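What follows is a set of notes on a single structure, which appears directly below.
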Amino acid sequence: YEHSLSRFGVVPLHAGFSPDPRVVGGAALGEVSAKSIHRKCKGWISKTPDYVLDADTAFLRLHVLARSRSDVLLVVRKPGGAVLCNDNRSGTKDPMIRSDFPIGSTQVWIGVHEAGARADYRLGFSEVKWKSSSIPLPDLD
């Protein structure tokens, strides 16, 4: 079942999860144009989603945020096929998407601005209003 494929794993979440934010890490790869997912999305993403968000309860409002020392972007595809993308939240270079998410598997890509580029990132999920600074930056190599 193709929707379960991801580069770094599955993040299982249910309403009221703890700790909040739930933070995972990975490295974005610019393999294909994000336009291949949705014509309005900018940048480059990996062919396979970086993560799959596996929700066993529906979320009325969930924040998905990526943090990196590079300028990264965020693309999510919900179980029904709806696509959301965000490059910069106001005043920061950290992308954030706040949306409702149904039960099921949501694909998440973290993207870069140039083809072939790569960027280490941290990806956070939260039900509460929070600042990107509550997510640590990736460690410097």
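Here are a few things to note about the model shown:
- Considering Arg118, Arg7, Arg22, the condition of being open to solvent by 30 Å² or more (accessible area, probe 1.4 Å) and without any contact (Cβ under 8 Å) to a residue 60 or more places away in the chain is satisfied by Arg7 alone.
- Residues that are touching a strand residue (DSSP E or B) at 6+ places or on another chain (Cβ under 9 Å) and assigned to a helix (DSSP H, G or I) within region 23-68 comprise Ala34, Ser36, listed in sequence order.
- Single match in Ser90, Ser99, Ser105, Ser46 (criterion: under 21 Å from Ala27 (Cβ atoms) and either polar (S, T, N, Q) or modelled with pLDDT under 95 (or both)): Ser46
- Residue in region 89-106 that is in contact (Cβ under 8 Å) with a residue 60 or more places away in the chain, surrounded by 14 or more Cβ atoms within 10 Å (Cβ to Cβ) and outside any strand (DSSP E or B) present: no
- Test: residue in region 68-76 that is farther than 18 Å from Gly25 by Cα, at pLDDT below 95 and open to solvent by less than 50 Å² (accessible area, probe 1.4 Å): no
- Cβ pairs under 8 Å, 6+ apart, first in region 46-68 and in contact (Cβ under 8 Å) with a residue 40 or more places away in the chain and farther than 17 Å from Pro79 by Cα, second small (Gly, Ala, Ser) and in a loop (DSSP other than H, G, I, E, B): Ser46/Gly30
The values are calculated or read from the model by the stated rules, or taken from the named source; none is laboratory data. Keep in mind the model is a prediction, meaning the values are calculated, not measured. Cβ atoms come from the backbone with ideal geometry, glycine included; neighbour counts cover every protein chain shown. Just the protein is used for accessible areas: all its heavy atoms, side chains included, with ligands, DNA and RNA removed. Shrake-Rupley method; radii C 1.70, N 1.55, O 1.52, S 1.80 Å.
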